[in-house]
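Student: One structure, pasted below without further comment.
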Amino acid sequence: MLCLTLEVLIFGFHLLDASSQSGISSTYNEIGVPCEIPYDDGYIYGFFSQDNVKVGDIIVKDQEFSEITREGNFALLALPFDGILGLGFQEISVGKVTPVWYNMIEQGQILDKVFSLWLNKDPMAEKGGEIVFGGMDKRHFRGDHSYFPISQEGYWQIEVGDILLGNNTT
């Protein structure tokens, strides 16, 4: 059985009011509890904080998150992104922090409990992809979508019988 697992990286994670004169959001609260998060074949280290977090046009109030102070995996240092926004399930959340996706729903920011990804096939394109919370962008697909149950509790993982690359089976 082949299984696919989805990990989502989002670029441009910013605290609200971070451009204010003090450089700290007026709603920011350092919780300070240390954390160690397994990532890829290493760990990232930091501490928990809380603030209102803006994701696109959505403002999630009182979102807990990790402020990373040390990356144990040097490969992460070379990646061109500002932050990692976990879209995992509550049951696997480090420190029992409520994931931002759950808070979007709980706070009424999302009507449909759906998020969708579009990954651009063109590596030279300015826009590498898009994530839509609460629906889909119909400009990026044709036809109908199929929905499948997850195959492992706590992970965005589905069973896949085969994948075609061109006309070749894997």
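Student: What FRET efficiency comes out for Glu36 versus Ile150 if R0 is 35 angstrom and r is the Cβ-Cβ distance? Round to the nearest 0.05.
Tutor: 0.85
Student: Taking 0.36 nm per residue of sequence separation and subtracting the Cα-Cα distance, how much length would be gained by fully extending the chain between Glu67 and Ile92, in nm to one decimal?
Tutor: Difference between extended and current length: 7.2 nm.
Here, each number is a calculation from the coordinates, and none is a lab measurement. Just so we're clear, the structure is a prediction, and the values are computed from it rather than from any experiment. For neighbour counting, all protein chains shown are included, and Cβ atoms are generated from backbone atoms with ideal geometry for every residue, glycine included.
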